[in-house]
Every structure is written in structure tokens, then in C-alpha cells.
Amino acid sequence: MRDIAEVPAVEVITTAAVHLMSAAAVKCGLAEGDDAEALKDLDEARKLITALAGFVTAAAPEIGSQHAGPLRDGLRSLQLAFREASVIQDAPGKGPGEKFTGPVS
């Protein structure tokens, strides 16, 4: 196991973002396997996506577009997956994380 002091900040930031993305994907019902629907929890997904949006928005200037671009793409995909999974649609700009990213369509 690497000593945390040796890990570059950009790696810690991207790893944390990927963990948030993975958890949000599962909660949006995007998990693989027969239990994907049982694992879906849109209330939890909303929280995770909003946290991810704030995190990526705050980190982007520090990690640069090379790293922030793919994180933003993943975030947008999750926001769209959430919208697709929701029975009741949020108003534009009111979906998870949209207060940080702006409306997603």
C-alpha cells in the first residue's frame, strides 16, 4: 500500500470522484446483474450526484481540463441517467447537481 503522502493530489481527487460516480450509478439502477433494480434508490442517487457536481466543479480549476473533462462527462451521463430513471421530472436546472453545472439536457 502506497503512503498517502506519495500520492499526487490529482490522483486522490479523481479517485474520490470515481467512487462517487460508481455509487451514483448503482443508485440510478445502472448496476450490472439481476439485482440492479433492487439497488436503485433515486433519493440516494440525487445526493451522490449533487455531491459529485460540487466536488468536480470545485476541483476542476485545480486538476485541469485533462482530468476534469472526463469527470464532467461522467457527471453529465449520471445526470441524464437520473432524469431517465425518474418518474417525476425535475424542472430544468433543478435536477441533481444542476445548481453547480447548469441545466442538463
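Given the rule -39500 (n - 2.57) for each run of at least 4 DSSP H residues, summed and divided by the residues of the chain, what is its mean residue ellipticity at 222 nm, to the nearest 500 deg cm²/dmol?
Values: 5 runs with 70 residues, N = 105.
Only helices count here, giving -21500 deg cm²/dmol.
Give me the Å³ per residue figure for the convex hull around the C-alpha atoms of region 26-105. Before the final figure, lay out the partial values.
Details: hull volume 6.8 nm³, N = 80.
Hull volume normalised by residue count: 85 Å³.
How large is ³J(HN,Hα), in whole Hz, for each residue of region 23-28 in order, when computed from phi with the Karplus curve 6.51 cos²θ - 1.76 cosθ + 1.60 and θ = phi - 60°, using x for Gly and Pro?
These are the phi-based 3J(HN,Hα) values: 5, 5, 4, 4, 5, 7 Hz.
For region 37-44, take each phi angle, set θ = phi - 60°, evaluate the Karplus expression 6.51 cos²θ - 1.76 cosθ + 1.60, and give the result in whole Hz per residue in order, putting x for glycine and proline.
Once rounded to whole Hz, the list reads 5, 5, 7, 5, 8, 5, 5, 5.
Which whole-number percentage describes the relative contact order of the chain, with Cα contacts under 8 Å and a sequence gap of 6 or more? Please list the in-between numbers first.
On the way: 112 pairs, mean separation 28.8, N = 105.
Reported relative contact order: 27 percent.
Convert each backbone phi in region 55-71 into a coupling constant with the Karplus relation 6.51 cos²θ - 1.76 cosθ + 1.60 (shift: θ = phi - 60°), then list the ³J(HN,Hα) values in order as whole Hz, x for Gly and Pro.
Rounded to whole hertz, the list is 5, 5, 4, 6, 7, 3, x, 7, 9, x, 5, 4, 9, 6, x, x, 5.
Looking at region 6-105, which GluC sites (Glu not before Pro) are in a loop (DSSP not H, G, I, E or B) and have at most 13 other Cβ atoms within 10 Å?
Values: sites: 6, 11, 32, 37, 44, 62, 84, 98; in loops: 32.
Sites meeting the loop and neighbour criteria: 32.
What would the Debye formula give as log10 I(q)/I(0) at q = 0.15, 0.29 Å⁻¹ for the alpha-carbon point model of region 64-105, no solvent?
After summing over all Cα pairs, the log10 values are -0.36, -1.01.
Quantify, in whole percent, the carbon and sulfur part of the accessible surface of the chain (1.4 Å probe; protein heavy atoms only). All intermediate terms of the calculation are to be shown ahead of the outcome.
Numbers: 3700 of 6480 Å².
Result for the chain: 57 percent of the exposed heavy-atom area is carbon or sulfur.
How many Å² of accessible area per residue for the chain, probe 1.4 Å?
Averaged over the residues of the chain, the accessible area is 62 Å².
The values are calculated or read from the model by the stated rules, or taken from the named source; none is laboratory data. These numbers come from a predicted model, not from an experiment. No Cβ is skipped: glycine too gets one built from the backbone with ideal geometry, and neighbour counts run over all protein chains shown. Just the protein is used for accessible areas: all its heavy atoms, side chains included, with ligands, DNA and RNA removed. Shrake-Rupley method; radii C 1.70, N 1.55, O 1.52, S 1.80 Å.
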